[in-house]
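Could you have a look at this structure, given as structure tokens, before my questions?
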Amino acid sequence: MATITGGLRQTGRMFALGGSVLGLMFRRPFQFAEFIQQFWFITSVTILPAALVSIPIGAVISLQVGSLAQQIGAQSFTGAASVLGMLQQISPMIVALLVSGAAGSAICADLGARTIRDEMAAMEVMSVNPVQRLVVPRVLAAMGVAVLLNGLVSVVGVAGGYYFNVVMQGGTPGAYLASFSALAQLPDLYISELKALIFGFIAGVVAAYRGLNPAGGPKGVGDAVNQSVVITFLLLFFVNVVLTAIYLQVVPSKVG
């Protein structure tokens, strides 16, 4: 019972931190220099892995879908299935996992180290809000990088899928592109970018919360980093299911 109560308490505090971050995003002064520094750092640690990971994943999806389409005689829909799967589902998840795994762990470790050195308490004594000063720029940077990185992953993944389907499986370039244009619609891009934005926010908030609340000592910071990554992964998969279900109910499918 105590474990359940403690878990609910931690969850409530994390949601409270997320609400505080949303409220402080529009309050001056905005830490622009900190935002730029964190934006560049997150970009530098995620852009190359994202591009490298998206190529094999796009290729695997394209090859698997193409093979299945050949078995059921639906080769003309290979492009639509591959690209829509990459755009709506795979690309935001790749971005989310990289942002939370690479950038989120670094954010958690940085804030955790500051916390155990009592820097957060010192800032509060000087009437400086640690959330506004340190957390908000990091969360905004994670959100911005996630949105931009999602576009890169989508383009690279689709290009890799196109190459492997057309070159490796002997598909027709015209049919690949025609099926995508016949079934895809602009809201597919909107939901992809919205997912990336929300995933970046979740990754930043969870990493910041665990960094601000380590168990104590260097070992506590290390445990907080591991916990932040695991919690973020679980939340991302759950939120992805919810967003996908809402999107499929709200946005009508395009008939080719």
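The values are calculated or read from the model by the stated rules, or taken from the named source; none is laboratory data. Worth saying up front: this structure is predicted, and the values here are computed from it rather than measured. Here the Cβ is made from the backbone with ideal geometry for all residues, glycine too, and neighbour counts use every protein chain on show. Surface accessibility is based on the protein's heavy atoms, side chains included, excluding ligands, DNA and RNA. Shrake-Rupley method; radii C 1.70, N 1.55, O 1.52, S 1.80 Å.
Kindly state which helices (runs of 4 or more DSSP H) lie completely within region 81-138 and contain at least 2 residues that are open to solvent by 50 Å² or more (accessible area, probe 1.4 Å). Walk me through how you get there before you give the answer.
On the way: elements: 91-98, 105-116, 119-125.
Qualifying helices (runs of 4 or more DSSP H): 105-116, 119-125.
Which of the residues belonging to region 217-256 are assigned to a helix (DSSP H, G or I) and open to solvent by 90 Å² or more (accessible area, probe 1.4 Å)? Even if it seems obvious, please write down each step before you answer.
We begin by selecting, within region 217-256, every residue assigned to a helix (DSSP H, G or I); these are 217-250.
Selection gives 218, 219, 226, 234, 237, 238, 241, 246, 248, 249, 250.
Shifting gears a bit: Could you run through region 23-46 and say how many residues are in a helix (DSSP H, G or I) and over 25 Å from residue 94 (Cβ atoms)?
Number satisfying all stated conditions: 5.
Of the conditions (1) modelled with pLDDT under 85; (2) surrounded by 17 or more Cβ atoms within 10 Å (Cβ to Cβ); (3) more than 17 Å from the chain's Cα centre (by Cα), residue 18 fails just one. Which one is it?
Only one criterion is unmet by residue 18, namely (3).
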